[in-house]
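Peer 1: For reference, the structure I am asking about is given below.
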Amino acid sequence: MRFSRLLIPTTKETPNDATLASHIYLIRGGFIQSVGGSGLYNFLPLGKKILDKVHAVVKEELDKAGCQEVSLAFVTPAALWEESGRLEKYGKELLRFKDRKENDFILGPTHEEMMVNLVRQTVKSYKQLPLNLYQINLKFRDEIRPRFGLMRGREFLMKDGYSFHDSTEDMQREFSLMEETYKKIFTRLGLEFRVVEADSGAIGGSGSKEFMVLADSGEDTIVVCDGCEYGANIEAAVAQPKKYDTQTEVKTIVMKALYDEGKSVHVAFVLPEEIELQDVKACNAVDANDLVECDAGEKPAVVVIEESLGAAVDPGQFDAEEILYADISSVKEGDTCTVCGGALRYTKGIEAGHIFQLGTRYSEPLGANFLDENGKSQPMVMGTYGIGVSRLLAAIIEQNHDEKGCIWTKESAPFDLQIIISNIKEDAQVTLGESLYEAMLAKGVDVLLDDRKDRFGAKMKDYELIGVPHVVVIGKNLADGMVEFISRDGMVKEEVPADRIIDFLSERF
Ligand code: ATP
Ligand code: MG
């Protein structure tokens, strides 16, 4: 591809809503374009090319693991979400609208209902199971605070996969296969990541793992152990319980728990003074859709006591309809690992993927049943597996950039190689640049030839901003028979004789 023909609107200006490197460089490098500053983006040619490359890696590994790609209708009838009971629960992130006949629709934020609907119409017997179907398609979530560019958009590209089984054991086998497959995908993309225990959130079900790309800018806090492989999202992390006695100072936090149909209950959470309440664990303990702050004077109907307090707190002192014990503690740095006794610490991650053991949460209400070997009807056992494909572009740059711009990894790079003709008025530079370009294209190397009229300095700045892994610079030194080969990571330079450059590149690509 010739730079002079390509739409790459690079700019020096940092968008004023951008703080993260990935957000700044994806805009400045002309990869994406914001649409009205509201979590909506257009992908320009280079951004689309990278998206397709990431897409291809994801697809290749999934297909190798026996998954089958489908493409579901984008607009989802709300009736399907009524069947699963999620229409109300999902709240304001769900974009709802009517067609001209007043039928209700939503834009899918995730597609469990749609996929179960597809399968219940086509699969009837255990002989057709197991099945793992996926799509790589747009999702829409009306995020309260879309931010950080592709990291948290409202419209984004997700790989969402769903598997269907005749037993829990078989679903767990597939869950492990998907864990291994996801590891291959993130490794091929050149990412440093960690697989951690996770909370299952609004999707429901039990047993889930997240794939966290390690980066200081990550929105998720993850708890890791220095002594072993243990890792968990703070929302699901556990530590060895401490021993408490009746002298322990405790505190009570009252919150309003929200349920379907506008119902709410005041809940008191009782825990040791020095421990912080973990919101997600607290919400799960009372099976609520959400927890919100409330006036201090409210009398709670439910009391949840941190389970490690045990006999240190007398439950008789509470005048409540219900008293529960649960793990509602936030793990602190320095707490003890339950696996190996080592010390736990915090690190930051970007959630790039999430896999769930779903069970029959959707197949039961939606009636996705199969006939087993004995002719008995049973609900299918499901797993579900997501990857934030567009978020991955941001994650790759969060991990791979410097003060000048992007450093794309091998399998995500928009081109394998760039060639810069420093001064297109110099015939010798043009001749070598053009012949090198043709030779590399003929070898199947994806090359970007910077053949623009601009000054050399501007071309080099664009090279550093865009971040193609390697560049050949044909400049003044050509008079002495030399060109430069530079690797973007570290801007490591090598002088190469011009008459050897084709051989030199052939060895590398
Ligand atoms: P988060 O906790 O970051 O809001 P989530 O847990 O709601 O994400 P899932 O429902 O597990 O997300 O969706 C699967 C994947 O889709 C996530 O692992 C993430 O990579 C990606 N994703 C989720 N929300 C967004 C978004 N608003 N923009 C871009 N990617 C997203
Ligand atoms: Mg998730």
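Residue-wise test of (1) over 30 Å from residue 19 (Cβ atoms); (2) of a type outside the set (Val, Ile, Thr); (3) out of contact with any helix residue (DSSP H, G or I) (no Cβ under 6 Å at 6 or more places or on another chain); (4) exposed (fewer than 15 other Cβ atoms within 10 Å of the Cβ).
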residue: 196; (1), (2), (3), (4): no, no, yes, no
residue: 207; (1), (2), (3), (4): yes, yes, yes, no
residue: 232; (1), (2), (3), (4): no, yes, yes, no
residue: 235; (1), (2), (3), (4): no, yes, no, no
residue: 243; (1), (2), (3), (4): yes, yes, yes, yes
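Peer 1: Could you tell me whether segment 272-294 includes any residue that is over 26 Å from residue 221 (Cα atoms), in contact (Cβ under 8 Å) with a residue 12 or more places away in the chain and of a type in the set (A, V, I, L, M)?
Peer 2: No: segment 272-294 contains no residue that is over 26 Å from residue 221 (Cα atoms), in contact (Cβ under 8 Å) with a residue 12 or more places away in the chain and of a type in the set (A, V, I, L, M).
Peer 1: Kindly indicate whether any position in segment 209-228 is more than 16 Å from ligand 2 (Cβ to nearest atom), farther than 30 Å from residue 391 by Cβ and in contact with a Cys (Cβ under 6 Å, 6 or more places away or on another chain).
Peer 2: Taking segment 209-228 and keeping what is more than 16 Å from ligand 2 (Cβ to nearest atom), we get 214-217, 223-228.
Going one step further and asking which of them are farther than 30 Å from residue 391 by Cβ, we end up with 227.
Applying the additional criterion that residues be in contact with a Cys (Cβ under 6 Å, 6 or more places away or on another chain) yields 227.
Scanning segment 209-228 turns up at least one residue that is more than 16 Å from ligand 2 (Cβ to nearest atom), farther than 30 Å from residue 391 by Cβ and in contact with a Cys (Cβ under 6 Å, 6 or more places away or on another chain).
Peer 1: Additional query: In the set 117, 132, which member is over 21 Å from residue 33 (Cβ atoms), open to solvent by less than 30 Å² (accessible area, probe 1.4 Å) and away from ligand 1 (no atom under 14 Å from the Cβ)? Can you show your working first?
Peer 2: Values: 117 fails: open to solvent by less than 30 Å² (accessible area, probe 1.4 Å).
One residue alone meets the criteria, 132.
Peer 1: Is there any pair linking a residue in segment 409-429 that is open to solvent by 10 Å² or more (accessible area, probe 1.4 Å) to one that is basic (Lys, Arg), with Cβ under 8 Å and at least six apart or on different chains, and which?
Peer 2: The qualifying pairs are 411/53; 411/188; 422/459; 422/476; 424/452; 424/453.
Peer 1: Of the residues 206, 264, which single one is within 16 Å of ligand 2 (Cβ to nearest atom) and either modelled with pLDDT under 95 or touching a Cys at 6+ places or on another chain (Cβ under 8 Å) (or both)?
Peer 2: Values: 264 fails: within 16 Å of ligand 2 (Cβ to nearest atom).
Only one candidate qualifies: 206.
Peer 1: State whether one or more residues within segment 73-84 are among the aromatic types (Phe, Trp, Tyr) and part of a helix (DSSP H, G or I).
Peer 2: In the first step, residues of segment 73-84 are kept if they are among the aromatic types (Phe, Trp, Tyr); the result is 74, 81.
Remaining after also requiring part of a helix (DSSP H, G or I): 81.
Checked segment 73-84: at least one residue is among the aromatic types (Phe, Trp, Tyr) and part of a helix (DSSP H, G or I).
Peer 1: If we scan segment 316-326, do we find a residue that is among the small types (Gly, Ala, Ser), open to solvent by 40 Å² or more (accessible area, probe 1.4 Å) and in contact with a Lys or Arg (Cβ under 7 Å, 6 or more places away or on another chain)? So that I can check it myself, show each step before the final result.
Peer 2: Residues of segment 316-326 that are among the small types (Gly, Ala, Ser), as a first pass: 316, 320, 326.
Filter once more, so that each one left must be open to solvent by 40 Å² or more (accessible area, probe 1.4 Å): 316.
Imposing the further condition that a residue be in contact with a Lys or Arg (Cβ under 7 Å, 6 or more places away or on another chain) reduces the set to none.
No, every residue in segment 316-326 fails to be among the small types (Gly, Ala, Ser), open to solvent by 40 Å² or more (accessible area, probe 1.4 Å) and in contact with a Lys or Arg (Cβ under 7 Å, 6 or more places away or on another chain).
Peer 1: Output the residues belonging to segment 457-475 that are part of a helix (DSSP H, G or I) and in contact with a strand residue (DSSP E or B) (Cβ under 6 Å, 6 or more places away or on another chain).
Peer 2: If we filter segment 457-475 for residues that are part of a helix (DSSP H, G or I), which is where we start, we get 457-466.
Scanning segment 457-475 gives 459, 463, 464, 465.
Peer 1: When the residues of segment 291-307 are filtered to those that are open to solvent by 30 Å² or more (accessible area, probe 1.4 Å) and among the small types (Gly, Ala, Ser), which remaining residue is farthest from residue 270 (Cα to Cα)?
Peer 2: Out of the qualifying residues, it is 297.
Peer 1: Does residue 62 count as farther than 30 Å from residue 191 by Cα and crowded, with 17+ Cβ neighbours inside 10 Å? Before the answer, list the steps.
Peer 2: Numbers: farther than 30 Å from residue 191 by Cα: no; crowded, with 17+ Cβ neighbours inside 10 Å: yes.
The answer is no for residue 62.
Peer 1: What pairs can you find where one residue is in segment 390-407 and touching a residue at least 12 places away in the same chain (Cβ under 8 Å) and on the phi > 0 side of the Ramachandran plot, the other is open to solvent by 10 Å² or more (accessible area, probe 1.4 Å) and more than 14 Å from ligand 1 (Cβ to nearest atom), and their Cβ atoms are less than 7 Å apart, with a gap of 6+ or different chains?
Peer 2: From residues that are touching a residue at least 12 places away in the same chain (Cβ under 8 Å) and on the phi > 0 side of the Ramachandran plot, the pairs are 405/25; 405/464.
Peer 1: In segment 359-383, what count of residues is obtained for those that are open to solvent by less than 10 Å² (accessible area, probe 1.4 Å) and either of a type in the set (Asp, Glu) or within 16 Å of ligand 2 (Cβ to nearest atom) (or both)?
Peer 2: Of the residues in segment 359-383, 1 are open to solvent by less than 10 Å² (accessible area, probe 1.4 Å) and either of a type in the set (Asp, Glu) or within 16 Å of ligand 2 (Cβ to nearest atom) (or both).
Peer 1: Hey, among the residues in segment 16-59 that are under 17 Å from the mean Cα position of the chain (by Cα) and open to solvent by 60 Å² or more (accessible area, probe 1.4 Å), which one's farthest from residue 173 (Cα to Cα)?
Peer 2: Per the criteria, the residue is 52.
Peer 1: Residues 147, 173, 120, 188: which one is out of contact with any strand residue (DSSP E or B) (no Cβ under 7 Å at 6 or more places or on another chain) and within 16 Å of residue 67 (Cα to Cα)? If you could, list the steps in order and put the result at the bottom.
Peer 2: Working: 147 fails: within 16 Å of residue 67 (Cα to Cα); 120 fails: within 16 Å of residue 67 (Cα to Cα); 188 fails: within 16 Å of residue 67 (Cα to Cα).
Just one listed residue meets the conditions, 173.
Peer 1: Go through segment 79-111 residue by residue and tally those that are exposed (fewer than 15 other Cβ atoms within 10 Å of the Cβ) and within 15 Å of ligand 1 (Cβ to nearest atom).
Peer 2: Looking only at that region, the number is 3.
Peer 1: Tell me which strands (runs of 3 or more DSSP E) are completely within segment 139-256 and hold 2 or more residues being acidic (Asp, Glu) and within 11 Å of ligand 1 (Cβ to nearest atom), or say none if there are none. Lay out the reasoning, then the answer.
Peer 2: On the way: elements: 155-165, 193-197, 208-214, 220-225, 231-233.
Fully inside segment 139-256 and qualifying: 155-165.
Peer 1: While we're on this one: Regarding residue 90, is this residue within 21 Å of the chain's Cα centre (by Cα) and not assigned by TED's automatic domain parsing to the domain that holds residue 188?
Peer 2: Working: within 21 Å of the chain's Cα centre (by Cα): yes; not assigned by TED's automatic domain parsing to the domain that holds residue 188: no.
So residue 90 does not fit the description; no.
The values are calculated or read from the model by the stated rules, or taken from the named source; none is laboratory data. Keep in mind that this is a model prediction, so the values were computed, not measured. Cβ coordinates were reconstructed from backbone atoms using ideal geometry, including for glycine residues, and neighbour counts include every protein chain displayed. Calculation scope for accessible area: heavy atoms of the full protein, side chains included, ligands and nucleic acids excluded. Shrake-Rupley method; radii C 1.70, N 1.55, O 1.52, S 1.80 Å.
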